[in-house]
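Asks: I'd like to ask some things about the structure below.
The values are calculated or read from the model by the stated rules, or taken from the named source; none is laboratory data. Here the structure is a predicted model, which is why all the values come from computation and not from measurement. Here Cβ is always computed from backbone atoms with ideal geometry, including for glycine, and neighbour counts include all displayed protein chains.
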Amino acid sequence: MTTERKYVEELIEQEDDFDRWYVEVIQKAELADESPVRGTRVIRPYGFALWENMQVELDRRIKATGVQNAYFPLFIPKSYLEREAQHIQGFAPEVAWVTKGGDKELEEPLAVRPTSESIICPMFARWVQSYRDLPILINQWCSVVRWEERPRAFLRTLEFLWQEGHTVHATLEEAEERARLMLEVYRDFVETELAIPVIPGQKSESEKFAGALRTYTIEAMMGGKHWALQSATSHNLGDHFGRVFEITFLDREGKRRFAFNTSWGLSHRTIGAMVMVHGDDRGLKLPPRVAPIQVVIVPIWRKDEERRQVEETVERVRTMLRRAVRVHADLRDDKTPGWKFNDWDLKGVPIRLEIGPRDVANQQVTLVRRDVLGQRQTVPVANVVEAVQQELASIQDSLFRAAREMLERHTEEVRDYERLKERVAANAGFNRAFWCGSSDCEARVKTETKATIRCIPFEQPAEYEPCLVCGAPGRYQVIWARAY
RNA sequence: CGGGGUGUGGCGCAGUUGGUAGCGCGCGGCGUUUGGGACGCUGAGGCCGGAGGUUCGAGUCCUCUCACCCCGACCA
């Protein structure tokens, strides 16, 4: 450990205090910084570049399902937010209100959107007249505000970045299909781009979105304490919002009907997920597909003459790579190579290329992978593009495998309530167990262990055993875990 | 809202029984260095969270207050 500690002396080790490691690594890798308002964070250029790369990939997938982007106002009149009773009940405690415009008291307070159903649905009501107008498929990229008691960088901040999709349909079946489709989009995005395996499933009644008929979720396991993180949700809102906002249309038979809605969102908390799932004692490990810098080139020289030759080769390699990957040449002359190695390890850049006099002489570069530090390989300059692309794909793959292995290793089928208590107390991970479906059993476990039902996985066993808590016939196999 | 803790250069901290503020890192300059966080010299930077009080004198003692952090409660 002492030799390890030498590399990044200022970063606490995960094992010592995972939560503090999380805070420190975000700060030191320059993903985000503190801001004057408690619970808000500045997202720095490196962190924002990561989010932008994520946006591009997710946006593409969303649009591929026929959705269009739009933008709705930040402010929602109080009366609008209050129309769906469960919706406002769920969000009331964490809504931020604007009551004054300049010096003038507003006639009606405006909510800063905690989510936009209640401002989008009234617009849907205006736009929908006939079954021919349906479906409407809208997405917006924006930030929302929820006045949380205990903020955590990226995972739970007062203001956070996300996309929220909102759709209207003629039938419940169509809404259901859309809700499930978008969850599948999220699953694919999170697993493919972020290299995080997830468990798709349905939320229990007590955990579902305020105002929804059904909520679907993808749940991921974080490193360290092996807690769960709800990584995205998709809701079938039924006709709850259709009725209160009077989104009606004439069907083919000329009959007036209420429309059905869905909404679905993925936020920048998934950045926090990447940090916690892939990171190690040296810092971040960013999945190549979304990493702001995929390859960093570190030049090494002693004399001015060497410097000239090395930088010439660096420039040549950078130009070769630039068309294929996101590459950065670290030409700072006030930092030593060793310092740079540690710095880029901390920032999670997947591949480092070292180019020194030896490499120049042999027309090669030295390639080091962030996920398997210490294993250096040399690559002829002529082959560098191909080699880098191959390694990036391989890193993406191995990050996903490692995360999946962690998920599997820390998941257990639990048949005894005492065992569940033990495992939750020990931060042992996910617990698969049978549940009768009663909210009493659910509440009891939450009170006694702090674990909640993360989801009812879509994948269910062929046969059901008795409820873990009360012994009544089991109706579902669920995942119990503590969550961020 | 309960329990605990911390506020001193950008960051991390020290500051004894009260005597007029210091260390490390970082930052600027110069020189030597550079294959896993180099070194020397030199320089800049602080009304010690805020208000009031005690005192000849307060970073230090007293009172009040503010902010932040941690643990609970709460939170899709």
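Asks: Out of the residues in the stretch A:126-180 that are polar (S, T, N, Q) and closer than 27 Å to residue A:54 by Cβ, which is nearest to RNA strand B (Cβ to nearest atom)? Working first, answer last.
Replies: If we filter the stretch A:126-180 for residues that are polar (S, T, N, Q), which is where we start, we get A:129-130, A:139-140, A:143, A:157, A:163, A:167, A:171.
Pick out the ones that are also closer than 27 Å to residue A:54 by Cβ and you get A:139-140, A:143, A:157, A:163, A:167.
On the way: A:139: 16, A:140: 15, A:143: 14, A:157: 10, A:163: 13, A:167: 16 Å.
In this case the residue turns out to be A:157.
Asks: A further question on this structure: Looking at the stretch A:340-367 only, could you name the residues that are without any contact (Cβ under 8 Å) to a residue 24 or more places away in the chain, part of a strand (DSSP E or B) and near RNA strand B (Cβ under 8 Å from one of its atoms)?
Replies: A:366
Asks: Just for the stretch A:200-221: of the residues that are of a type in the set (A, V, I, L, M) and surrounded by fewer than 24 Cβ atoms within 10 Å (Cβ to Cβ), which one is farthest from RNA strand B (Cβ to nearest atom)? Outline the logic, then answer.
Replies: In the first step, residues of the stretch A:200-221 are kept if they are of a type in the set (A, V, I, L, M); the result is A:210, A:212-213, A:218, A:220-221.
Now drop any that are not surrounded by fewer than 24 Cβ atoms within 10 Å (Cβ to Cβ), which leaves A:210, A:213.
Details: A:210: 5, A:213: 14 Å.
The qualifying residue farthest from RNA strand B (Cβ to nearest atom) is A:213.
Asks: Does residue A:302 satisfy the criteria of being surrounded by fewer than 20 Cβ atoms within 10 Å (Cβ to Cβ), within 15 Å of the chain's Cα centre (by Cα) and not in a strand (DSSP E or B)?
Replies: So residue A:302 fails the test.
Asks: While we're here: Considering only the stretch A:376-385, I want to know if a residue exists there that is of a type in the set (S, T, N, Q), farther than 30 Å from residue A:192 by Cβ and out of contact with any Cys (no Cβ under 9 Å at 6 or more places or on another chain).
Replies: Going through the stretch A:376-385, the residues of a type in the set (S, T, N, Q) turn out to be A:377-378, A:383.
Subsequent filtering for residues that are farther than 30 Å from residue A:192 by Cβ retains A:378.
Subset that is out of contact with any Cys (no Cβ under 9 Å at 6 or more places or on another chain): A:378.
Within the stretch A:376-385, one or more residues are of a type in the set (S, T, N, Q), farther than 30 Å from residue A:192 by Cβ and out of contact with any Cys (no Cβ under 9 Å at 6 or more places or on another chain).
Asks: Right, next: Quick test for you: out of A:74, A:106, pick the one residue that is in the same structural domain as residue A:209 (by TED's automatic domain parsing), closer than 27 Å to residue A:151 by Cα and either hydrophobic (A, V, I, L, M, F, W, C) or in contact (Cβ under 8 Å) with a residue 12 or more places away in the chain (or both). Reasoning before the result, please.
Replies: Numbers: A:106 fails: closer than 27 Å to residue A:151 by Cα.
Step by step, each of A:74, A:106 is checked, and only A:74 is in the same structural domain as residue A:209 (by TED's automatic domain parsing), closer than 27 Å to residue A:151 by Cα and either hydrophobic (A, V, I, L, M, F, W, C) or in contact (Cβ under 8 Å) with a residue 12 or more places away in the chain (or both).
Asks: Right, here's the next one. Testing residue A:373 on (1) touching a residue at least 40 places away in the same chain (Cβ under 8 Å); (2) in the same structural domain as residue A:354 (by TED's automatic domain parsing); (3) surrounded by 18 or more Cβ atoms within 10 Å (Cβ to Cβ), one condition comes back false. Which one is that?
Replies: The failed condition is (3).
Asks: Any residue in the stretch A:234-241 that is within 12 Å of the chain's Cα centre (by Cα), in contact (Cβ under 8 Å) with a residue 12 or more places away in the chain and more than 13 Å from RNA strand B (Cβ to nearest atom)?
Replies: The initial filter retains those residues of the stretch A:234-241 that are within 12 Å of the chain's Cα centre (by Cα), namely none.
Scanning the stretch A:234-241 turns up no residue that is within 12 Å of the chain's Cα centre (by Cα), in contact (Cβ under 8 Å) with a residue 12 or more places away in the chain and more than 13 Å from RNA strand B (Cβ to nearest atom).
Asks: Before we move on, is residue A:47 loosely packed, with under 12 Cβ neighbours inside 10 Å, more than 12 Å from RNA strand B (Cβ to nearest atom) and at pLDDT 90 or above? It would help to see each step written out before you state the result.
Replies: Values: loosely packed, with under 12 Cβ neighbours inside 10 Å: no; more than 12 Å from RNA strand B (Cβ to nearest atom): yes; at pLDDT 90 or above: yes.
The answer is no for residue A:47.
Asks: Same structure, new question: Please indicate, with yes or no, whether at least one residue in the stretch A:260-269 is of a type in the set (D, E, K, R) and either part of a loop (DSSP other than H, G, I, E, B) or under 30 Å from residue A:131 (Cα atoms) (or both). Please lay out each step first, then the result.
Replies: Keep residues of the stretch A:260-269 that are of a type in the set (D, E, K, R), which gives A:269.
Those still in the list that are either part of a loop (DSSP other than H, G, I, E, B) or under 30 Å from residue A:131 (Cα atoms) (or both) too: none.
Checking the stretch A:260-269: not a single residue is of a type in the set (D, E, K, R) and either part of a loop (DSSP other than H, G, I, E, B) or under 30 Å from residue A:131 (Cα atoms) (or both).
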